[in-house]
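Report on one structure; see the data block that follows.
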Amino acid sequence: MLDRLGTSLKDAVKKLAGKTVVDRAAVEELVRDLQRALIQADVNVRLVMQLSEAIKKRALEEQPPKGMTVREHVLRIVYQELVRLVGSAGEVKLEPQVILMAGLQGSGKTTTTAKLARYFQRKGLRVAVICADTFRPGAFDQLNTLCSRIHVPCFGNPGEKDALKIVREGLKSLSSAEVIIIDTQGRHALESDLIREIIDIQAIASAQHRWLVIDAALGQQAAEQARKFHEAISIDGVIITKMDGTAKGGGALSAVAETRSGIVFIGSGETIDDLERFDPDGFISRLLGMGDLKALVEKAEETLAAAEVDVNAMLRGKFSLRDMYNQLEAVTRMGPLKQIMSMLPLGNMEIPEDAYDITSTKMQRYRIIMDSMTAAEMDDPSVIGSSRIQRIARGAGASPEEVRELLRYYKMMKRALKGVRGGQGRFNMQRMLKKFGGGT
Ligand SMILES: Nc1nc2c(ncn2[C@@H]2O[C@H](COP(=O)(O)OP(=O)(O)OP(=O)(O)O)[C@@H](O)[C@H]2O)c(=O)[nH]1
Ligand SMILES: [Mg+2]
């Protein structure tokens with residue numbers, strides 16, 4: 001879902017990236033494209049206007065940070081504002097809590113109640129649910145069936161018409177549970193009965209979380225519903241269901257903005273495990289086709305730490321083949337170069353497509369060649385003369401010329417490292433990747 005929105009947003013962003021100059025006209029065109037894309041996806045018009053005004057104002061008034069082009073700056077603003085639109089990641093703590101589910105008929109409350117029970121169960125918490133839906137025929141059976149499959153206790157009483165009584169008794173009888181999720185009734189449209197009941201339930205349950213369940217297919221009415229529920233019980237998180245469908249999804253995004261809360265989970269199918277935690281940065285990155293910048297940064301830090309690259313020694317000029325091997329390994333472990341580049345913001349727009357392939361294959365070859373070197377050669381490559389080159393090449397199934405190329409590459413890297421100024425012990429990956437792309 002959201003495929004169409006994603007495509008049109010990506011087109012808008014690509015158009016900007018392809019412009020020779022990013023001036024006022026280019027920003028205005030981008031903003032118009034974004035507006036069109038969001039409105040077509042059913043995002044609330046008022047919200048679209050707020051968002052696009054904010055983007056325009058920032059893009060035209062803020063100075064790009066040092067080292068960032070105007071183009072990157074504008075795209076970063078688009079990214080940040082969209083992340084803000086979908087809200088911060090709603091908090092889900094793994095501690096004792098009561099969760100109250102709210103939403104209209106058929107939005108997916110009951111299914112999601114069971115999915116959430118499963119989620120907390122997997123995290124090792126004792127979970128139980130209460131069926132406070134006295135409206136829908138067979139409501140208790142539906143929830144009870146889902147929960148008994150995962151051995152989660154389900155409290156309810158199909159003969160009882162008073163939902164408040166059920167909640168009161170349920171909380172008492174389930175007092176040994178750590179997480180209690182309360183499923184409530186839904187109606188076709190917002191009715192005062194429904195709202196009054198949920199206010200009363202909250203008065204009894206004092207739920208730490210009041211989560212609104214919204215069907216991704218819901219259009220413009222979503223904002224109105226969200227506002228009413230928010231006024232009643234102060235919604236602190238939104239769960240969007242049926243993300244596996246073909247819905248436009250914009251309505252659900254409007255609901256999030258209306259409650260000023262974040263999306264906590266996404267339902268992506270009918271089975272009990274089809275529930276995902278929502279990550280705003282990753283979501284918008286994918287939507288814009290920028291790749292997951294945050295994931296890259298974290299991954300890069302982890303991998304480099306694991307590779308034990310002694311950056312300081314390298315900057316002092318002590319750079320052995322072994323150091324280079326560790327670096328190559330670090331980069332290889334991070335995944336195919338292409339994937340890495342697509343995780344860098346806009347990296348994929350500036351680097352020619354075929355640069356990746358040569359590079360990652362070459363990297364593999366170099367590692368194989370180094371694997372057939374001795375420890376002494378790795379520590380001090382200057383001992384490698386032509387007879388050793390022959391031997392290394394044979395051992396690696398490579399040609400002597402390839403081994404020489406590797407040695408040339410090593411020398412170039414060593415020179416390049418000497419040129420790295422600053423020396424804060426940081427490994428300059430971009431520079432290294434550039435060498436890979438154009439150096440050999
Ligand atoms: N494909 C898909 N179907 C879902 C998802 N979540 C719920 N459904 C389906 O949506 C329908 C309605 O779900 P329920 O959980 O019964 O909805 P509800 O909000 O409890 O409905 P009421 O109790 O009548 O208010 C069911 O057929 C579910 O299987 C989802 O993430 N993906
Ligand atoms: Mg239900």
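At a glance:
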quantity: Condition met for Gly124 (more than 9 Å from ligand 2 (Cβ to nearest atom) and assigned to a loop (DSSP other than H, G, I, E, B)); calculated: yes
quantity: Hits in the range 80-106 (condition: assigned to a loop (DSSP other than H, G, I, E, B) and over 24 Å from Ile198 (Cα atoms)); calculated: Gly87, Ser88, Ala89, Leu94
quantity: Residue list for the range 107-145, restricted to those being among the charged types (D, E, K, R), more than 10 Å from ligand 1 (Cβ to nearest atom) and under 30 Å from the mean Cα position of the chain (by Cα); calculated: Arg118, Arg122, Lys123, Arg126
quantity: Residue selected from the range 178-212 under the condition touching a Ser or Thr at 6+ places or on another chain (Cβ under 8 Å) and among the charged types (D, E, K, R), by the criterion nearest to Phe278 (Cα to Cα); calculated: Arg210
quantity: Where Lys115 falls short, out of the listed (1) more than 16 Å from ligand 2 (Cβ to nearest atom); (2) under 21 Å from Ile263 (Cα atoms); calculated: (1)
quantity: Arg168, sole failed condition from (1) over 20 Å from Asp273 (Cβ atoms); (2) within 16 Å of ligand 1 (Cβ to nearest atom); (3) more than 31 Å from the chain's Cα centre (by Cα); (4) without any contact (Cβ under 8 Å) to a residue 60 or more places away in the chain; calculated: (2)
quantity: Residue list for the range 382-436, restricted to those being closer than 17 Å to Met363 by Cβ, modelled with pLDDT under 70 and touching a Lys or Arg at 6+ places or on another chain (Cβ under 8 Å); calculated: Met413, Ala416, Phe436
quantity: Selected residue (only one of Ile266, Ile240, Ile201, Ile272 is surrounded by 16 or more Cβ atoms within 10 Å (Cβ to Cβ) and over 28 Å from the mean Cα position of the chain (by Cα)); calculated: Ile201
quantity: Neighbours by Cβ (under 9 Å, 6+ apart or cross-chain): first from the range 187-214, outside the structural domain of Glu169 (by TED's automatic domain parsing); second part of a strand (DSSP E or B) and charged (D, E, K, R); calculated: none
quantity: Residue satisfying condition, being in a helix (DSSP H, G or I) and modelled with pLDDT under 95, within set Leu171, Leu194; calculated: Leu194
quantity: Criterion violated by Arg136 - all others in (1) out of contact with any Phe, Trp or Tyr (no Cβ under 9 Å at 6 or more places or on another chain); (2) part of a helix (DSSP H, G or I) satisfied; calculated: (2)
quantity: Residue within the range 183-190 that is outside any loop (DSSP other than H, G, I, E, B), touching a Lys or Arg at 6+ places or on another chain (Cβ under 9 Å) and at pLDDT 95 or above present; calculated: yes
quantity: The lone exception for Ile204 - which of (1) closer than 16 Å to Leu104 by Cα; (2) assigned to a helix (DSSP H, G or I); (3) more than 16 Å from ligand 2 (Cβ to nearest atom) it fails; calculated: (1)
quantity: Subset of the range 235-273 that is basic (Lys, Arg) and more than 16 Å from ligand 2 (Cβ to nearest atom) - its residue that is nearest to Leu116 (Cα to Cα); calculated: Arg260
quantity: Residue tally, condition small (Gly, Ala, Ser) and in contact with a helix residue (DSSP H, G or I) (Cβ under 8 Å, 6 or more places away or on another chain), over the range 141-157; calculated: 1
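The rows are residues; the columns are (1) more than 16 Å from ligand 2 (Cβ to nearest atom); (2) of a type outside the set (D, E, K, R); (3) surrounded by 21 or more Cβ atoms within 10 Å (Cβ to Cβ).
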residue	(1), (2), (3)
Val21	yes, yes, no
Lys57	yes, no, no
Pro65	yes, yes, no
Glu72	yes, no, no
Arg76	yes, no, no
Ile99	no, yes, yes
Gly103	no, yes, yes
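The values are calculated or read from the model by the stated rules, or taken from the named source; none is laboratory data. Values in this document were obtained by computation on a predicted structure and should not be read as measured data. Because the Cβ atoms are built from the backbone with ideal geometry, glycine has one as well, and the counts that use them run over all protein chains shown.
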